[in-house]
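Q: I have a structure I would like to understand better, so I am pasting it below and will then ask my questions one at a time.
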Amino acid sequence: MAGTVFFSVSMSLDGFIAPESPEELMGQQWMELQQWVFRQRFFRENLKLGTGGEEGRDNDIARETFERTGASVMGKRMFDAGERMWPEEPPFHTPVFVVTHEERDPWVRRGTTFHFVNDGIASALDRAREAAGDRDVRIAGGGETIVRYLNAGLVDEFHVALSPVLFGSGIRLFEGVDAGRWALDQVGAEPSPRTTHLRYAVRAR
């Protein structure tokens, strides 16, 4: 239970990670936000989208993020959107713990089981750490869930793929963050033709 807790998201230049309405997911803006990863060979193979795809540093980062993750945590809003859209074999391939207020039996899919945790974010993280073993735990989203973990001091580091797209409105990544308690140390910056990968470590002020 010594793995790192992290998140990894794509973000627009004006700070948004998703459209406001779940119905807009897979729309033009969201596809532009995610275009850097949808083109990668590893991502296409993982989602069974067919052969081909780009290789290079973007592809390596997509693969490395997947390989380091032993379990994921997500909020109910993200799960609800994904439940309608994920294929029979979701892209996680590890246990996923959904922070929710409802009681529900695990949802078993091919390669991934979703567990529903209704006693708080710390409990969900504890269960994810146990499931992940010596691998890392990814806070998969959405934005509100990421901020809850940040504000609780439970995130060690994060990766933002800054995409060259503007949203204008939507779900901001850091909406509601307690900026007075936490500071960031930049530990990496890698530009690519489609995005800029930024990495930060989180520490108390």
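The values are calculated or read from the model by the stated rules, or taken from the named source; none is laboratory data. This structure is a prediction, so every number in the text was calculated from the model and none was measured. A quick note on method: Cβ atoms are made from the backbone with ideal geometry, for glycine too, and the neighbour counts reach across all protein chains shown. When the accessible area is computed, the model is the full protein with side chains, heavy atoms only, and any ligands, DNA or RNA have been set aside. Shrake-Rupley method; radii C 1.70, N 1.55, O 1.52, S 1.80 Å.
Q: Among (1) within 22 Å of Val98 (Cα to Cα); (2) outside any helix (DSSP H, G or I); (3) not hydroxyl-bearing (Ser, Thr, Tyr), where does Ile146 come up short?
A: All conditions pass for Ile146, except number (2).
Q: List the number of the failed condition for Val177; all other conditions in (1) touching a Gly at 6+ places or on another chain (Cβ under 8 Å); (2) open to solvent by 40 Å² or more (accessible area, probe 1.4 Å); (3) over 20 Å from Gly3 (Cα atoms) hold.
A: So the condition that Val177 fails would be (1).
Q: Moving on. More than 21 Å from Leu13 (Cβ to Cβ) and modelled with pLDDT of 95 or more: does that describe Arg205?
A: Considered against the rule, which asks whether it is more than 21 Å from Leu13 (Cβ to Cβ) and modelled with pLDDT of 95 or more, Arg205 comes out as no.
Q: To continue, here is another question. Going by what's in this entry, would Arg138 be described as touching a Phe, Trp or Tyr at 6+ places or on another chain (Cβ under 8 Å), of a type outside the set (Val, Ile, Thr), modelled with pLDDT of 95 or more and not in a loop (DSSP other than H, G, I, E, B)?
A: When the stated conditions are applied, Arg138 passes them.
Q: Take the residues in region 115-135 that are buried (at least 22 other Cβ atoms within 10 Å of the Cβ) and touching a Gly at 6+ places or on another chain (Cβ under 9 Å); name whichever of them is farthest from Gly82 (Cα to Cα).
A: Of everything passing the filter in region 115-135, Ala132 is farthest from Gly82 (Cα to Cα).
Q: Name the residue, out of Val165, Val155, that is open to solvent by less than 40 Å² (accessible area, probe 1.4 Å), in a loop (DSSP other than H, G, I, E, B) and closer than 23 Å to Asp58 by Cβ.
A: Val165
Q: Give the residues of region 66-86 that are closer than 23 Å to Phe42 by Cβ, open to solvent by 40 Å² or more (accessible area, probe 1.4 Å) and at pLDDT 90 or above, sorted by residue number.
A: Those that are closer than 23 Å to Phe42 by Cβ, open to solvent by 40 Å² or more (accessible area, probe 1.4 Å) and at pLDDT 90 or above: Phe66, Glu67, Arg68, Met78.
Q: Looking only at residues that are under 20 Å from Gly142 (Cα atoms) and not in a loop (DSSP other than H, G, I, E, B) in region 87-111, which one is most open to solvent (accessible area, probe 1.4 Å)?
A: Looking at the filtered set, the residue picked out is Trp107.
Q: Here's another thing I want to ask about it. Cβ-Cβ under 6 Å, sequence separation 6+ or interchain: first residue in region 189-205 and more than 13 Å from Ala179 (Cβ to Cβ), partner of a type outside the set (Asp, Glu) and open to solvent by 50 Å² or more (accessible area, probe 1.4 Å). Which pairs?
A: Partner pairs satisfying both residue conditions: Ser192/Arg57; Leu198/Ala189; Arg199/Val187; Tyr200/Leu184; Tyr200/Gln186; Ala201/Val187.
Q: Can you pull out every residue in region 168-188 that is touching a residue at least 60 places away in the same chain (Cβ under 8 Å) and assigned to a strand (DSSP E or B)? If you could, list the steps in order and put the result at the bottom.
A: Filtering region 168-188 for residues touching a residue at least 60 places away in the same chain (Cβ under 8 Å) gives 168-174.
Ile171, Arg172 - these are the residues of region 168-188 that are touching a residue at least 60 places away in the same chain (Cβ under 8 Å) and assigned to a strand (DSSP E or B).
Q: Could I ask something else about it? Would you point out the residue of region 51-65, among those that are at positive phi and without any contact (Cβ under 8 Å) to a residue 60 or more places away in the chain, that is surrounded by the fewest Cβ atoms within 10 Å (Cβ to Cβ)?
A: That would be Gly52.
Q: So, one more: Got a sec? Which helices (runs of 4 or more DSSP H) wholly within region 1-50 have at least 2 residues that are modelled with pLDDT under 90, in contact with a Phe, Trp or Tyr (Cβ under 9 Å, 6 or more places away or on another chain) and surrounded by 12 or more Cβ atoms within 10 Å (Cβ to Cβ)?
A: So the answer is 28-33, 41-46.
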